[in-house]
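Structure record follows, encoded as C-alpha cells.
The values are calculated or read from the model by the stated rules, or taken from the named source; none is laboratory data. Since the model is a prediction, treat every value here as computed from it, not as a measurement. With ideal geometry, Cβ positions are generated from the backbone for all residues, glycine too; neighbour counts draw on all protein chains shown. Each accessible area value is taken on the protein alone, full model and side chains, heavy atoms only, with ligands, DNA and RNA left out. Shrake-Rupley method; radii C 1.70, N 1.55, O 1.52, S 1.80 Å.
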Amino acid sequence: MAIEKIISSNWFNMIRSRDFLVKSIITVSLCLCFVISPVFAVDEQQIAAKYIDSLNTTALKQGRHHFYVKVSSDNLGMPVRIPLIVLKGTQPGKTILLTAGIHGDELNGIRVIHQLLEQLNYRDLKGTIIALPGINQSGINANSRYFVSSSGGGFQSDLNRLFPGTKQNGNAASLYVNRVWANVIKGRADIAIDLHTQTRGTVYPLFVFADFRNKEAKQIADLLMPDVIKNDVGEKGTLETSLVRAGVPAVTFEIGAPKRFQKKLISRAVAGIKNVMQHYEMLEGERLQTNTPPIVGSGYKNIYAEQGGIVVVHKHLMDKVQKGDLVATQYDAFGQIKKEYFSPVNGHILSHATDPVREPGAMLVRIIY
C-alpha cells in the first residue's frame, strides 16, 4: 500500500511537472509573440511588390503600388528587374515621372523619391506619380556609374547616352534601355524630372539642366528652386532629351555628390518637386519662391589636370570668379608645386574635385558662365 502511494504520488508529481512544463512553454511562446508581433505587424502593413513586364497605370486602383518590372535577363537567363512605385491619386490630374539611379553611383535621387513618397498620401493627390528609384541595377550592385555587362569581361556603358535604346540588334545596355523606355516610360507621363548627382570625386550644388526652348522645361527648372540652372540644348541619348523630343517637358536635376545621402540637398530637392506638383495642381498649397534667385548660365568651361598629382582647390561651389583667378594648385608627392590653374572666364564655380588625387585629364573645376 505504501509503495502504491509512493508510485501514485510520483505519478501525480510527474503530471504536475509536465503540466508546469507545458504551461511554461505556452507562457514563453506568448511572450515571444508579444515581442515579435510588432515586426509581423510592420510586415503586414508593407506593400507586396508584384512582378510585371509593362506598366499600365489606367488599370490601377487608387493608392500606392510596388512593382518589379522585367527589363532584361542575365547571361544565365535569370530575369533582371527594376523597382517601380506608382502613387495614384483619388482625382484625375497630371502624371509626373521621377527617375533615379541611371548612373549606379548616384544615390541622392533614390532617397529623394523615397522621402517624397513618405510625405505624400494618395488621398491628397490629383493625378499620378510614376517613380523609378534605381534604373541601373547592374551599376548599383557594382558600385559603378556605368551599366556593367558580362560581354568582353565586363563591358561598361553609360545608360544616359543610349536612350531610347534599340529594340533589337543592339548590345545588352541598349536593349536594356529600350525595355525601360518602351515598357515603363514612353507615353505615360506629362512631365518628368530625372535625378542625378555629380560623378565620383566631384560635387555639384543643387543644379538643373533645362532646354529653355521648351518653356515648360524652363518653368520646371525655376520651380525646383535650385542654386544653378544651365540653359542646355541637351545631349543625344540622355533621358531628358529623349523625353523632350517625345513631347514631354523634362529636366535633369543634379543633387550634390555621389555615393552618399546629403540630407539638406535631399530635403531641398523634395521641396522643389512638391513645388512643381503644386504648380500643376497635383497637390494643394501655395508655390514657394526663394529669396535668392538661381545663377543662370548657358555654357561652362572645364579645367582638367594636365598631369598627375595632388590638387588643392581654392574655390567653393558657386563662388564668383574672374578670368585669371587662381582656382587650383597641383603638388607632387613631395609637396612641391607642379602646376597652377587659372579661370579662363568670368563666371561661378559649378563643380570641383573633392578627391585631391587627380590623374592627367581628370576634372579639377567646372565654371558656369
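Observations on the model:
- Extension gain for residue 66 to residue 158 (0.36 nm times residue separation, less C-alpha to C-alpha distance): 30.5 nm.
- Accessible area expressed per residue, the chain, with surrounding protein chains retained (probe 1.4 Å, Å²): 53
- Taking 0.36 nm per residue of separation and subtracting the Cα-Cα distance, full extension of the segment from residue 141 to residue 342 would add 68.5 nm.
- 222 nm mean residue ellipticity, helices alone, for the chain (DSSP H n ≥ 4; -39,500 (n - 2.57); rounded to 500): -9000 deg cm²/dmol
- Residues of segment 49-67 with an amide N closer than 14 Å to a point placed 7 Å from the Cα of residue 182 along the Cα-to-Cβ direction: 53-55.
- Computed from Cα positions, the angle between helix 263-279 and the longest principal axis of the chain comes to roughly 80 degrees.
- Computed magnitude of the charge dipole of the chain (debye, nearest 20; Cβ of K, R +1, Cβ of D, E -1): 460
- Matching label, percent of Cα pairs over 41 Å apart computed from the structure shown, candidates [x] 9; [y] 27; [z] 13: [y]
- Taking the chain as a Gaussian network of alpha-carbon nodes connected by springs under 10 Å, the highest mean-square fluctuation of the residues 193, 52, 349 belongs to 52.
- Residues residue 150 and residue 301, FRET efficiency given R0 of 45 Å [Cβ-Cβ distance, rounded to 0.05]: 0.70
- C-alpha long axis of helix 108-118 to longest principal axis of the chain, angle in °: 50
- Mean-square fluctuations from a GNM of the chain, with a 10 angstrom spring cutoff on Cα atoms, peak among 299, 139, 256 at 299.
- Percent antiparallel among DSSP beta bridges (both partners in the chain, rounded to 5): 60
- Inter-label distance, nm, simple model (7 Å from Cα along the C-beta direction), residue 74/residue 331: 4.5
- Among 111, 123, 145, residue whose mean-square fluctuation peaks in a GNM of the chain (springs only between Cα atoms under 10 Å): 123
- Fraction of antiparallel bridges per DSSP, segment 220-369 only, in percent to nearest 5: 90
- The chain: angle of helix 2-45 to the longest principal axis, Cα-based, in degrees nearest 10: 20
- Centre separation in Å (Cα based) which lies between segment 76-142 and segment 281-352: 31
- Residue (of 141, 345, 333) at the positive-pole extreme of the chain, dipole from beta-carbon charges: 141
- The simple spin-label model puts a point 7 Å past each Cα toward its Cβ; for residue 118 and residue 286 those points are separated by 2.8 nm.
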